[in-house]
Amino acid sequence: MRTRVLAVGITLAAAITGVSGCGGDEDGTHAAATPKSVRWSAAPPPATTADPRLGATMKRLSTWSDGKRSAVATMVMTTGGRDLRFDGVFSWGEHPGMQVQAPTAQLGIQKLNSAATTQIRMVDGTYYYRVDTRPSGPLKGKHWMKAALSDLPGGTAAQPADPVLQDNPTVGLMMLADITGVTDLGTENLDGTVGTHYQGTVTRARLSGDRRFAGAAGSPGGILGGADSAQLDVWADSHGKPLRWVATMQDPKRSVAVDLYSFGGPRTVAVPAPGDTVDAAALARGRSGA
């Protein structure tokens, strides 16, 4: 999942943190807008009710994003008590990509980027991190650092490691087709929008029988982060539009929370110019003498 991808990319990026720091350039690409909160306020929910008709509602929500290929969303992944937040555009399909920003401190790359937030682009499995240019050294005249998915341990160019959820924030909606034990927890206020809260459970066994999770969509084990099951919560507005989903796994303990703001067709994410990019993996190999 994305946590591992970025963590390894950051490890590769750390190969050059010995370069003396200096301020970043300001050309408008370091967007520092405060992202919307993914936390919610809720009135005391009514008594939980089990209703077989809720299955039909889950089916409708599970297909809501069919035919769509991009979304503006906020994703927060929590592992070991550590949050990693992404705000921006995610695109999936034949050429997956994303153009998001994340808090620099959460990424742990303050020595590479002095801005409060870091721009991240992903194009076909390669991640690009916005960094401060330097007057000398490997980052001289460079504004981007890249780390390819195929550079991860256990990954190859043909079959990258853990591609699940790297670009598609609607995977949680897809899983609703396989949810069981659904209950209606009533309405809640999500940052000013009223949504009905549903909760249930998804298991690796049921997801394994779902053809939509074959191939590029990822393995059930990867989707659940290695767990056998997850609690899956989803919120929908009065028109049936999904607003938020949260998957919570216990073994290992982790969660993914996604706020969905808008949907659209395919989006093209621009690849930074090669002359403006430094390859973190190549630098790491050079420093290790490999």
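The values are calculated or read from the model by the stated rules, or taken from the named source; none is laboratory data. What you are looking at is a predicted structure, and each value in this text was computed from that prediction instead of being measured. The protein model used for the area step is the full one, side chains on, heavy atoms only, and it has no ligands, DNA or RNA in it. Shrake-Rupley method; radii C 1.70, N 1.55, O 1.52, S 1.80 Å.
Here the Karplus curve 6.51 cos²θ - 1.76 cosθ + 1.60, taken at θ = phi - 60°, turns the phi angles of the range 276-284 into couplings of 10, 10, 10, 8, 5, 5, 5, 5, 5 Hz, with x standing for Gly and Pro. Per residue, the accessible area of the range 109-150 comes to 34 Å² when a 1.4 Å probe rolls over the protein heavy atoms. Max-minus-min Cα coordinates of the range 53-123 on each principal axis give 52, 30, 15 Å, with the largest extent listed first.
Within the assembled protein chains, the solvent-accessible surface assigned to residue 271 is about 80 Å², based on a 1.4 Å probe.
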